[in-house]
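The values are calculated or read from the model by the stated rules, or taken from the named source; none is laboratory data. Predicted model only: the values in this text are computed from it and were never measured. Here the Cβ positions follow ideal geometry from the backbone for every residue, glycine too, while neighbour counts run over all protein chains shown.
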Amino acid sequence: MREYFDKLKVGFCITASFCTYEKALSMMEHLAGMGCDILPVMSYNAYVTDTRFGTAKEHREKIEGICGKKIISTIADAEPIGPANMTDIMLVAPCTGNTMAKLATGIIDTPVCLAVKSHLRAGKPVVIAPATNDALAGAYKNIAALMNYKNYFFVPFGQDDYVKKQNSMVSDFSLIPAAMEMALEGRQLQPVLL
C-alpha cells in the first residue's frame, strides 16, 4: 500500500471537532510517513479556536510541521486548488455536522468547503470522516445526501458513546488509508456503518 500513496497529493481538511484532533493529526503523520504530499486546509473555527484539547496555535504549528506547508485558512487561498491541480484526493477529517450540512446543500463559506468544491471541479474523490454529536439526529439527512453524491466517499463510522451521546458518531480514523485507496478506485469502503 505504501507505493500507492507515494507522492499522492492529499488535501487534508480539518474542521472543528476538537476532541478528534489527536487521531486526525496522528493520521496526518501516518500519511506523510507513507509519502503523501499533504496540503493542509482548516476551517475558520478550527484555525482560531483554543479548547481544552489544545490551543489553535499548537495545532497549527504541529500541522505545518507535519506537512511542511502553510495551512490554507482563507477562501481566497482555497480557490486555486482545483484549477491548479493541487490535489489528487481531498480528505475532510474530522468532518463536523456543520461542514457536512454545507457541503450537502452547496453552501461554500469556509476554506474547507471551497477547497472541496474547487477539488471536485476535476471530478476527483472526496473522503469524509464524520465526527459529529448529531449524526443520528440533525446531521443524518446530510450524511445520506452526501452518500448519494458523485465523488463523495466515507471513512466508516459508528456510535462512539451510545449511553451518554446517543446520536453521536465518529469515524474509525485508522481506516482512512483504506477508504482513500477505495475512493481513488471509485468505490466505497464497506461496511460504512460500524
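Quick notes on this one:
- Asp77 being surrounded by 16 or more Cβ atoms within 10 Å (Cβ to Cβ) and without any contact (Cβ under 8 Å) to a residue 40 or more places away in the chain: no
- Residues (under 28 Å from Gln166 (Cβ atoms), of a type outside the set (A, V, I, L, M, F, W, C) and touching a strand residue (DSSP E or B) at 6+ places or on another chain (Cβ under 6 Å)) located in the range 99-134: Pro130
- Odd one out for Glu181, checked against (1) assigned to a helix (DSSP H, G or I); (2) more than 14 Å from the chain's Cα centre (by Cα); (3) farther than 25 Å from Ile81 by Cβ: (3)
- Asp77 meets all of the listed conditions (1) closer than 24 Å to Tyr4 by Cβ; (2) at pLDDT 95 or above; (3) out of contact with any Asp or Glu (no Cβ under 8 Å at 6 or more places or on another chain) but one, namely (1).
- Residue within the range 18-40 that is closer than 24 Å to Ser174 by Cβ, out of contact with any Leu (no Cβ under 8 Å at 6 or more places or on another chain) and in a strand (DSSP E or B) present: yes
- Test: residue in the range 112-130 that is more than 13 Å from the chain's Cα centre (by Cα), in a loop (DSSP other than H, G, I, E, B) and among the charged types (D, E, K, R): yes
- Qualifying residues in the range 88-110 (those that are surrounded by 24 or more Cβ atoms within 10 Å (Cβ to Cβ) and outside any helix (DSSP H, G or I)) - the one modelled with the lowest pLDDT: Thr96
- The range 91-113 residues that are within 14 Å of Tyr47 (Cα to Cα), paired with ones that are among the acidic types (Asp, Glu) and at pLDDT 95 or above (beta carbon under 9 Å, 6 or more apart): Pro111/Asp77
- Of the residues making up the range 144-161, those that are more than 18 Å from Arg187 (Cβ to Cβ) and not small (Gly, Ala, Ser) are Gln159, Asp160, Asp161.
- Filtering the range 160-178 to residues that are within 13 Å of Ala129 (Cα to Cα) and of a type outside the set (Gly, Ala, Ser) leaves Met169, Val170, Asp172, Phe173, Leu175, Ile176, Pro177.
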